[in-house]
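The values are calculated or read from the model by the stated rules, or taken from the named source; none is laboratory data. Note that this is a predicted model, so its numbers are computed, not measured. Neighbour counts are summed over all protein chains in view; Cβ atoms, including those assigned to glycine, are modelled from backbone coordinates with ideal geometry.
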């Protein structure tokens with residue numbers, strides 16, 4: 001199979017059902033940090049893709065439905081960084097879900 005045919009086959013494959021998650025990352029100071037966190041998240045079970053932004057200190061993760069926040073948090077910690085809690089007692093991923101729900105309600109008004 002030639003490279004172009006293989007590339008077309010990948011493009012034609014249906015994308016697995018997943019969900020988009022955003023989480024804060026603390027402790028990054030440079031592009032190498034971003035790369036380490038991205039690689040750690042991309043290698044975590046259930047993660048389809050991950051992009052990290054140094055300026056916003058956030059990761060955008062596309063993961064299979066059912067991927068737990070603990071899996072993502074563990075991957076980030078093992079890379080040497082943290083997923084801080086922005087509000088005491090509330091998981092960062094739960095905060096993101098609540099924010100998305102509020103935005104959806106506001107857009108529907």
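The number of residues in region 55-108 being at pLDDT below 70, part of a loop (DSSP other than H, G, I, E, B) and within 18 Å of residue 19 (Cα to Cα) comes to 1.
Pairing each residue of region 74-90 that is at positive phi with any residue that is modelled with pLDDT of 95 or more, provided the two are 6+ apart or on different chains, yields C-beta distances under 9 Å for 80/27; 80/33; 80/36; 80/37; 80/40. Can you find a residue in region 24-31 that is in contact with a helix residue (DSSP H, G or I) (Cβ under 8 Å, 6 or more places away or on another chain), closer than 23 Å to residue 100 by Cα and buried (at least 19 other Cβ atoms within 10 Å of the Cβ)? So far as region 24-31 goes, yes, one or more of its residues are in contact with a helix residue (DSSP H, G or I) (Cβ under 8 Å, 6 or more places away or on another chain), closer than 23 Å to residue 100 by Cα and buried (at least 19 other Cβ atoms within 10 Å of the Cβ).
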